[in-house]
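Structure first, commentary second.
The values are calculated or read from the model by the stated rules, or taken from the named source; none is laboratory data. Note that the coordinates shown come from a computational prediction; the quantities given were computed from them, not determined experimentally. FYI the Cβ positions are ideal-geometry reconstructions off the backbone, even for glycines, and counts take in every protein chain you see. Remember, those area values only see protein heavy atoms, side chains included, never the ligands or the DNA or RNA. Shrake-Rupley method; radii C 1.70, N 1.55, O 1.52, S 1.80 Å.
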Amino acid sequence: MERPKRKLTVFDAILIFVIILTAALPIIFTKSDNTKAVISTAGGSMTVDLAADTAFILESNGYHFKISVSNGEIYVEESDCPDGICKNTRPVGKTNGSIVCLPAKLMITCGEEVSDSDVDAVVK
Amino acid sequence: MTSTPSSNKIKNISLTALLLTVSLALSYLEFLIPVTAAVPIPGFKPGFANIAVVVAYFAVSPLSAAVITVLKSVITSLLFSGVTTLVFSLAGGALAFSALLLLTHIKNLKCSYIGLSVAMAFSHNVGQLAASVAVMGNASVLWYYPALVVSAVLCGALTGIILTLLPDRIYIGKV
């Protein structure tokens, strides 16, 4: 059996390059075009269709949000909540994820299962 | 001493045992260095124990390397990391060994110790990740994949450099 070379070879360079390229794979795999998003507020939850572009005002826990849907993605355009974190969160829809506003108890979720249970997690 | 088939067999068994001990010592070394404090990836290890596997592969036989891979996983999980990690360790070891088998059996392949080592570290991480997806039943651990790729390239290159620096007599079993 031939032992490996002691000097770097062309094959090494190609191999390492290909391995590094595969690091981008999860981004491709998790790119899932969601057709709907689930918005849960202090008052309850609703489902929004992402196919049509819309914008609407939502109230949750005393705060107001202008939520926009465009190009299959949903995001918070404006809010009067002091945090503003939800406004700075990137749109979800093309990728799975959530937009959360804690003061207003608002959560917009795409592609992940949302449970209404009070239990955070169960250790099996 | 004349080299009879039986003395060869004894030599191979002794070398395998010796290299298994080396791999355990290297695993212990990894266990002592608090790498997870510097690199916050669960299950991250430099993979120095692979050095013993590669040496056994060339100095003794592929079987010897396979034996070391399995026993190293079993013993380190019992001694240091806990039995729950055994399935991850075995999955990683099996894939790393497959990479070693594959790369050394392709004809006229010009591959260096560093390339081999990176390929093994990468397959090891892929095996571990696949095992954790299977155990957790949740694909969200796949988000660790890019970090694991980077760590495989860096750690694989490091062990590859160490393998390159080892003298030839070690690879022909003259220790």
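Restricting B:Ser89, B:Ser77 to those that are more than 10 Å from chain A (Cβ to nearest Cβ) and crowded, with 22+ Cβ neighbours inside 10 Å reduces the list to B:Ser89.
Of everything in region B:110-137 that is of a type outside the set (Ser, Thr, Tyr) and touching an Asp or Glu at 6+ places or on another chain (Cβ under 8 Å), the residue that is farthest from A:Ile20 (Cα to Cα) is B:Cys111.
From the list B:Leu32, B:Leu15, B:Leu90, B:Leu71, the lone residue that is modelled with pLDDT of 95 or more and not acidic (Asp, Glu) is B:Leu71. Filtering B:Leu142, B:Leu154 for residues that are more than 8 Å from chain A (Cβ to nearest Cβ) and open to solvent by 20 Å² or more (accessible area, probe 1.4 Å) leaves a single hit, B:Leu154.
Scanning region A:1-32 for residues that are modelled with pLDDT under 85, more than 7 Å from chain B (Cβ to nearest Cβ) and over 30 Å from A:Lys94 (Cβ atoms) returns a single hit, A:Glu2. Only one entry in B:Leu20, B:Leu26 is at pLDDT 95 or above, within 14 Å of the chain's Cα centre (by Cα) and surrounded by 19 or more Cβ atoms within 10 Å (Cβ to Cβ), namely B:Leu20. Scanning region A:68-101 for residues that are within 14 Å of A:Ala37 (Cβ to Cβ), assigned to a loop (DSSP other than H, G, I, E, B) and open to solvent by 10 Å² or more (accessible area, probe 1.4 Å) yields A:Asn71, A:Gly72, A:Thr89, A:Arg90, A:Pro91, A:Lys94, A:Asn96.
Filtering A:Thr41, A:Thr35 for residues that are open to solvent by 40 Å² or more (accessible area, probe 1.4 Å), among the hydroxyl-bearing types (Ser, Thr, Tyr) and more than 28 Å from B:Ala99 (Cβ to Cβ) leaves a single hit, A:Thr35.
Only one of the numbered conditions (1) closer than 28 Å to A:Gly97 by Cα; (2) in contact (Cβ under 8 Å) with a residue 24 or more places away in the chain; (3) more than 9 Å from chain A (Cβ to nearest Cβ) is violated by B:Leu148, and that is (3). Scanning region A:102-124 for residues that are acidic (Asp, Glu) and either modelled with pLDDT of 85 or more or open to solvent by less than 100 Å² (accessible area, probe 1.4 Å) (or both) yields one hit, A:Glu112. Going residue by residue through region A:47-61, is there one that turns out to be under 13 Å from A:Pro103 (Cα atoms), open to solvent by 30 Å² or more (accessible area, probe 1.4 Å) and over 15 Å from the mean Cα position of the chain (by Cα)? Looking for residues that are under 13 Å from A:Pro103 (Cα atoms), open to solvent by 30 Å² or more (accessible area, probe 1.4 Å) and over 15 Å from the mean Cα position of the chain (by Cα), one finds at least one in region A:47-61, hence yes. In the condition set (1) within 8 Å of chain A (Cβ to nearest Cβ); (2) surrounded by fewer than 22 Cβ atoms within 10 Å (Cβ to Cβ), B:Gly137 is compliant with all but (1).
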